[in-house]
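A quick write-up on the structure given underneath.
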Amino acid sequence: MEQLYNMITGELVVFGILAVIIVVFSILAVTTQKIIRSATYLLFALIGTAGLYLFLEYQFLAAVQIAVYAGGVMVLFIFSILLTHNPGQEVKFEKPKRMIIAGLASLAGLAICGHIIYYNVNRFFVYKHIKEFDMKHIGATLMGTDKFQYMLPFETVSILLLACIIGAIMIARKK
């Protein structure tokens, strides 16, 4: 018993709290019938994820998580919800058959992701000799066009978000 008590540290407690926050608000986001509440619960799950990044000492990722996802994407979601639905309107539950199929598809996706991570875990630690990335390196990686740089996916996501905004406006205009 004393050995178990020694294993419980402050870090483990903080991680447990953040994990519970993320799991609870994620489940609430997909099970609530009010669509605005669902978006709010998703916001809290994203903030919990930013807390997890801070716990791992990735301050830049935490700032990006708050600014881009909790800020920008959630504003886009809520803007789209307000344009396309009545905010107080309850969302109907799907048929049980569809819920079972969705659950099985989620489990299959989780199994595929777990398989990929398990068999490729060494590839995730390519930069283990580098202690900390500087902002110049992160910026060059995000905005570069060379191999293993992310300019094309970055621009593709911005075009996708623009298409979502235009689609929401077109749907709202028809009503």
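Given the criteria of a type in the set (A, V, I, L, M), loosely packed, with under 14 Cβ neighbours inside 10 Å and out of contact with any Lys or Arg (no Cβ under 9 Å at 6 or more places or on another chain), does Val30 qualify? First the steps, then the outcome.
Values: of a type in the set (A, V, I, L, M): yes; loosely packed, with under 14 Cβ neighbours inside 10 Å: yes; out of contact with any Lys or Arg (no Cβ under 9 Å at 6 or more places or on another chain): yes.
Against the criterion (of a type in the set (A, V, I, L, M), loosely packed, with under 14 Cβ neighbours inside 10 Å and out of contact with any Lys or Arg (no Cβ under 9 Å at 6 or more places or on another chain)), Val30 qualifies.
Name the residue that is surrounded by the most Cβ atoms within 10 Å (Cβ to Cβ), counting only residues in region 158-174 that are among the β-branched types (Val, Ile, Thr) and over 14 Å from Ile78 (Cα atoms). It comes out as Ile171. Of all residues in region 21-46, those that are among the small types (Gly, Ala, Ser) have Cβ atoms under 8 Å from Cβ atoms of residues that are surrounded by fewer than 18 Cβ atoms within 10 Å (Cβ to Cβ) and not in a helix (DSSP H, G or I), 6 or more apart or on another chain, in Ser38/Thr32; Ser38/Val91. If the condition is being modelled with pLDDT under 75 and either of a type in the set (Lys, Arg) or farther than 20 Å from Phe154 by Cβ (or both), then region 128-142 contributes Lys128, His129, Ile130, Lys131, Glu132.
The values are calculated or read from the model by the stated rules, or taken from the named source; none is laboratory data. Predicted model, so just to flag it, every value in this text is computed and none were measured. In this analysis, Cβ positions are derived from the backbone assuming ideal geometry, glycine residues included, and neighbour counts consider all displayed protein chains.
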